[in-house]
Amino acid sequence: MSGKEFFLHRYEKLGWKPSDIKLKQAIRINPTNAPNLEETVERLQSRGIKLEKISFLEKGYWVSKAKLSAGATTEYLLGMYSIQEAAAQIPVSLFTDLEGKVVLDACAAPGGKTVQLADLMHNSGVIIALDVEKSKLIALANHLERCHVKNTVVYQMDARHVAELGIKFGRILLDVPCSGNFAADSSWFARRSLKDIEANAALQREILAKAAVSLRDDGEIVYATCSLEPEENEMNVDWAVRNLRLQVEEIECYGEKGLTEIFGQKLHRSVENCRRIWPGQTQGFFVCKFRKRDEP
Amino acid sequence: MKTIADFARQFDAKLMLRRDLVVKKNNRYFLVDEKLKPFVSNNFYFAGTYLGKVKKNKFFPSFELLRMIAEKGKANKITINDRTEWLFICGRDVFGKSIVKVEGSAKKGAHTLVMNRYSDCLGFGKILREPSREVAGVAVKNVSDIGDFLRRERKNS
Ligand SMILES: C[S@@+](CC[C@H](N)C(=O)[O-])C[C@H]1O[C@@H](n2cnc3c(N)ncnc32)[C@H](O)[C@@H]1O
């Protein structure tokens, strides 16, 4: 069960048909290193990088015209902004009261969201950033250094072993490994099958279950994927609500309500509190915010 | 610790870091704060502020350490003009005519931070001859610049 037709047919059954997909490059200004937003925008405009505010993000801008690569300016090298896909800027923005908290970034490399967390925390508190792949830690460390992040400790670790750290976290970001989506990857249809989507979904459930154990009772988890596949999104959230001490929080952000009926299967009604973003100007994305449920 | 203080001294700057808050991983140094320290166990990969690394007995500073030195009022600094900024970031040396301001000592052989007009630290260099607009030829030899992040990204991809 694979191939373009197979997947497009699935999306159609979920109520979506691809049209007008034109991904736009986006940046996020890091206020810690660029406290004066307007001045930073002007500095970039004067170099020939024209920016347009993204209506649904606080610090996000579309790169509408660029005479040079947005990744090769003095301001980029000084950590004044990061190149970060627009939808990927949403998950971290869903946390409340990050300042001073002990935060887990369970699947952190190459660190776009770790930097965003540090920014919103004003470098206070602590971020524990994990990634299982040693080779990806170099990019993560470079990112942290470039953006002058000061409150993060990085470990090479499988997120499923997080309990070994013996820490209870106030906020947990699960930007889990996923199957990705075709809008951001031209060979996607040729590479993906339902079998590996199911394998990813199983790994995501394991990560979610272990993270839930390391969450403080008053904590928050944000779960995100850049997959369009319901097995990795709504169906995993439904599983979490039924099997873990978690409940889905209402969120206000860009995107459509999570689907509560998938190929004839009815899901827990709170799953509609999630947000699903079909590709358009942004790539495909899915976000969900959990809180611990009170003990019965 | 001494390594870092000695490095700062080359810019005529005094940098006092609390010994108990500097942690070392292999040849790399990091500065943590009291809140972070309990979370740093032996097998960490990166912690707090990266300060730099020692390779073959030579210290290679991080750009955050250069920024910390730059914030010490008295460190040697030169400010270069806009046209030279990107050339320096691409690894080029600084010509006397590109320097718009000199602060601190400008003795031959000393180290100096290289700043742009916004007072952002772009890297550092070694003074070859008295840096001033009047001096023809290279005044400051590029030792390290923030273009290194791009070079690392290319190497890593
Ligand atoms: C979607 S990417 C994360 C992107 C990152 N959060 C950012 O914003 O830059 C998923 C990451 O999870 C890592 N990963 C895969 N399996 C993992 C596991 N079991 N534990 C921790 N990290 C894992 C991958 O190496 C990959 O870097």
Nearest 0.05, what FRET efficiency do B:Phe60 and A:Ala209 give at R0 = 51 Å with Cβ-Cβ as r?
0.75
Give the peptides A:8-14, A:235-241, B:115-121 in descending order of average Cβ contacts within 10 Å, highest first.
A:235-241, B:115-121, A:8-14
What number results when the radius of gyration of the stretch A:56-188, computed over Cα atoms, is divided by 2.2 N^0.38 Å?
1.08
Per residue of A:71-80, other chain Cβ atoms within 10 Å number on average 5
Summing -39500 (n - 2.57) over every DSSP H run of at least 4 in chain A, dividing by its residue total and rounding to the nearest 500, the 222 nm mean residue ellipticity is -8000 deg cm²/dmol
Checked against a 23 Å limit on the C-alpha separation, the offending pairs among A:Lys210/A:Lys289; A:Lys150/B:Lys141; B:Lys77/B:Lys107; B:Lys2/B:Lys25; A:Lys65/B:Lys155 are A:Lys150/B:Lys141; A:Lys65/B:Lys155
What is the packing order of peptides A:35-47, A:172-184, A:263-275, taking the mean over residues of other C-beta atoms within 10 Å and listing the highest first?
A:172-184, A:263-275, A:35-47
B:Arg129 versus A:Ser46: modelled label distance in nm, points set 7 Å from Cα along the beta carbon direction:
3.2 nm
Sequence neighbours fewer than 8 away in the same chain don't count; with that in mind, list the lysines whose C-alpha is under 20 Å from A:Lys59.
A:Lys24, A:Lys50, A:Lys113
Excluding same-chain residues fewer than 8 positions from B:Lys58, which aspartates and glutamates have a Cα within less than 18 Å of its Cα?
B:Asp6, B:Asp145, B:Asp148
Using a ≥ b ≥ c from the Cα gyration tensor of the stretch A:127-186 (square roots of the eigenvalues), is it rounded, prolate or oblate, where a/c under 1.5 gives rounded and otherwise the larger of a/b and b/c decides, a/b for prolate?
oblate
Normalized C-alpha radius of gyration of the stretch B:76-153, against 2.2 N^0.38 Å?
0.97
Just to compare against my own numbers: the Cα pair-distance distribution for chain B, 10 Å bins, whole % per bin, please.
11, 38, 32, 15, 3, 0
Summing -39500 (n - 2.57) over every DSSP H run of at least 4 residues in chain B and dividing by its residue count gives a helix-only mean residue ellipticity at 222 nm, to the nearest 500 deg cm²/dmol, of -6000 deg cm²/dmol
Percent of Cα-Cα distances greater than 18 Å, calculated over the stretch B:2-69:
34 percent
Under the Karplus relation 6.51 cos²θ - 1.76 cosθ + 1.60, θ = phi - 60°, what is the ordered set of whole-Hz ³J(HN,Hα) values for the stretch A:116-121, x standing for Gly and Pro?
5, 4, 4, 5, 5, 8
Per-residue mean of C-beta atoms belonging to partner chains within 10 Å, peptide B:35-47:
6
Taking Cα pairs under 8 Å and at least six residues apart, what relative contact order does the stretch B:2-69 come out at, in percent?
26 percent
Partner aspartates and glutamates for B:Lys74 [C-alpha distance under 13 Å; skip if fewer than 8 residues away on the same chain]
B:Asp12, B:Glu103
Leading residue at positive end of dipole, the stretch A:239-296 (Cβ point charges), from A:Asn243, A:Tyr254, A:Val287
A:Asn243
For chain A, take every pair of Cα atoms, bin their distances at 5 Å starting from 0, and report each bin as a whole percent.
1, 5, 12, 16, 18, 17, 14, 9, 5, 2, 0, 0
If amide H atoms are built 1.01 Å from N in the plane of the peptide, which residues on other chains or at least 5 residues away come under 5 Å of the amide H of A:Gln84?
A:Ala26, A:Ile27, A:Arg28
Per-residue average of other protein chain Cβ atoms inside 10 Å, peptide A:56-68 -> 0
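No value in this document is a laboratory result; all are computed from the given coordinates. Because the structure is a prediction, the values reported are computed rather than measured. As a convention, Cβ positions derive from the backbone with ideal geometry for all residues, glycine included, and neighbour counts pool all protein chains shown.
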